[in-house]
Amino acid sequence: MAVAQVVQEDVQVRETGWSPAEIAELREAVSRAPSIHNSRPWTLTLHRRTAVLRENPEPWMNHDPEGRDRRISCGAALMNLVLAVRSLGWGAQVEVGDSSGLVSAAVNARGAAEPSPRELAWAWAVAQRRSHRAPFSRRPVSELLREKITDAATGVRCGSRWVGSDVEAVEVARMLGRAASAFHADPDYTRELAAHVKPDGRRLQRESGDLRGLAAVGLTALTTHLPDEHHLAQLLRDESVLLVGTRGDRPADHVRAGQAVERAWLEATRAGLSVSMMTQPLHLPEVRTGLAERLGTSLIPQVIMRFGYPAES
Ligand SMILES: Cc1cc2nc3c(=O)[nH]c(=O)nc-3n(C[C@H](O)[C@H](O)[C@H](O)COP(=O)(O)O)c2cc1C
């Protein structure tokens with residue numbers, strides 16, 4: 001290593017308390033979090049053994065005027081950040097706050113602390129996780145695995161609920177079908193989809209045109225082929241569909257929802273499952289409240305997730 005590089009790295013360690021390798025790991029973990037339209041709406045800064053993640057104050061999407069999706073995205077990124085700090089062997093003390101309507105989270109690395117086997121497995125899964133919107137195989141997700149996923153999604157003022165019975169499947173299919181029809185007829189939504197995807201992201205807008213099944217009601221644009229409600233109900237019975245919700249609906253609750261979603265996703269990934277998530281239908285207030293009513297839950301719906309084994313290609 002050149003002398004200049006060693007000197008520069010020394011300065012970096014002195015100024016931030018993090019080594020260059022640690023900084024690279026933290027940045028990598030955060031960048032791998034799921035985010036609305038792959039927009040990564042956060043900024044990560046590093047200070048004396050503290051990593052601070054801030055919600056970006058950028059103009060936001062019409063379909064998410066309250067910025068709920070943005071904060072859920074920040075929550076997922078925060079989860080990855082905490083796991084990265086823990087897998088580097090630091091204790092992680094997290095403080096979430098908000099000012100001027102924007103959330104920020106500080107992760108303080110305090111003292112050496114061995115990561116647990118579960119934290120290590122989740123940290124490993126961060127790099128494997130990705131959205132899988134294609135159909136699943138018919139292999140069911142075992143009860144044991146479902147329990148592990150709901151356990152991972154459980155947190156402070158945050159929980160989850162599987163869509164279970166035939167009656168629920170029919171009711172939920174009806175609501176998702178209606179939401180998809182509304183977005184299908186909305187050219188503004190298609191424009192947003194194109195505008196917010198990061199240049200290095202996948203082409204979500206194009207992908208939406210090829211989607212089939214439940215994923216199609218989660219990323220519906222003008223070109224999406226809409227499944228009928230009968231088929232949707234059948235898929236809701238066959239796939240493992242989880243509603244993640246919170247007890248409150250404030251910015252900190254949205255961050256918690258994002259953390260819960262990411263934990264559930266990483267737990268599933270480590271077990272070889274594929275996952276996709278959607279919030280698009282929940283942007284219609286009648287769908288958000290209707291889902292809670294029909295599923296008889298006091299949780300405020302924040303995210304719908306589908307889990308399964310990938311179909312053989
Ligand atoms: C808050 C939030 C909302 C999302 N909503 C949807 C959605 O409605 N439909 C969908 O197909 N994907 C949705 N996603 C998934 C993102 O599109 C996906 O994470 C992003 O494109 C990055 O791709 P990756 O998950 O494969 O890394 C959402 C992600 C987040 C964090």
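Restricting attention to the range 160-183, the residues being out of contact with any Lys or Arg (no Cβ under 8 Å at 6 or more places or on another chain) and surrounded by fewer than 19 Cβ atoms within 10 Å (Cβ to Cβ) number 8. Does any residue of the range 53-61 turn out to be under 15 Å from the mean Cα position of the chain (by Cα), within 11 Å of the ligand (Cβ to nearest atom), buried (at least 17 other Cβ atoms within 10 Å of the Cβ) and not assigned by TED's automatic domain parsing to the domain that holds LEU204? Scanning the range 53-61 turns up no residue that is under 15 Å from the mean Cα position of the chain (by Cα), within 11 Å of the ligand (Cβ to nearest atom), buried (at least 17 other Cβ atoms within 10 Å of the Cβ) and not assigned by TED's automatic domain parsing to the domain that holds LEU204.
For the range 134-162, which residues satisfy the criterion of being within 16 Å of the ligand (Cβ to nearest atom), touching a strand residue (DSSP E or B) at 6+ places or on another chain (Cβ under 6 Å) and closer than 17 Å to ALA233 by Cα? PHE136 - this is the single residue of the range 134-162 that is within 16 Å of the ligand (Cβ to nearest atom), touching a strand residue (DSSP E or B) at 6+ places or on another chain (Cβ under 6 Å) and closer than 17 Å to ALA233 by Cα.
Residues in the range 200-216 that are of a type in the set (Gly, Ala, Ser), at pLDDT below 80 and either more than 11 Å from the ligand (Cβ to nearest atom) or more than 16 Å from the chain's Cα centre (by Cα) (or both): SER208, GLY209. Checked against (1) within 15 Å of the ligand (Cβ to nearest atom); (2) at pLDDT 90 or above; (3) under 23 Å from SER35 (Cβ atoms), VAL197 meets all criteria but (2). Of the residues screened, SER104 is not one that is within 21 Å of MET277 (Cβ to Cβ), among the small types (Gly, Ala, Ser) and either in the same structural domain as VAL303 (by TED's automatic domain parsing) or surrounded by fewer than 22 Cβ atoms within 10 Å (Cβ to Cβ) (or both). Condition (residue is under 17 Å from THR269 (Cβ atoms) and either at pLDDT 95 or above or away from the ligand (no atom under 16 Å from the Cβ) (or both)) applied to the range 87-97: is it met by at least one residue? Yes: the range 87-97 contains one or more residues that are under 17 Å from THR269 (Cβ atoms) and either at pLDDT 95 or above or away from the ligand (no atom under 16 Å from the Cβ) (or both).
Please find, within the range 282-292, the residue that is surrounded by the fewest Cβ atoms within 10 Å (Cβ to Cβ) out of those that are modelled with pLDDT under 95 and within 13 Å of the ligand (Cβ to nearest atom). Top of the filtered list is LEU284.
Among the numbered conditions (1) modelled with pLDDT of 95 or more; (2) of a type in the set (A, V, I, L, M); (3) not assigned by TED's automatic domain parsing to the domain that holds ASP253, the only one that ALA134 does not meet is (1).
Which of the residues spanning the range 30-52 are modelled with pLDDT under 90 and surrounded by 21 or more Cβ atoms within 10 Å (Cβ to Cβ)? Across the range 30-52, the qualifying residue is only HIS37.
For ALA252, are the conditions met, namely being of a type in the set (Gly, Ala, Ser), surrounded by 22 or more Cβ atoms within 10 Å (Cβ to Cβ) and not assigned by TED's automatic domain parsing to the domain that holds ASN38? When the stated conditions are applied, ALA252 does not pass them. Within the range 21-47, residues that are without any contact (Cβ under 8 Å) to a residue 40 or more places away in the chain sit with their Cβ atoms under 6 Å from residues that are within 11 Å of the ligand (Cβ to nearest atom), at 6+ positions apart or across chains, in these pairs: PRO41/ARG70; PRO41/SER73; TRP42/CYS74; TRP42/ALA77.
Has the range 243-254 got any residue that is within 12 Å of the ligand (Cβ to nearest atom) and either touching a Leu at 6+ places or on another chain (Cβ under 6 Å) or touching a residue at least 40 places away in the same chain (Cβ under 8 Å) (or both)? Yes, because at least one residue in the range 243-254 is within 12 Å of the ligand (Cβ to nearest atom) and either touching a Leu at 6+ places or on another chain (Cβ under 6 Å) or touching a residue at least 40 places away in the same chain (Cβ under 8 Å) (or both).
The values are calculated or read from the model by the stated rules, or taken from the named source; none is laboratory data. Because the structure is a prediction, the values reported are computed rather than measured. Cβ atoms come from the backbone with ideal geometry, glycine included; neighbour counts cover every protein chain shown.
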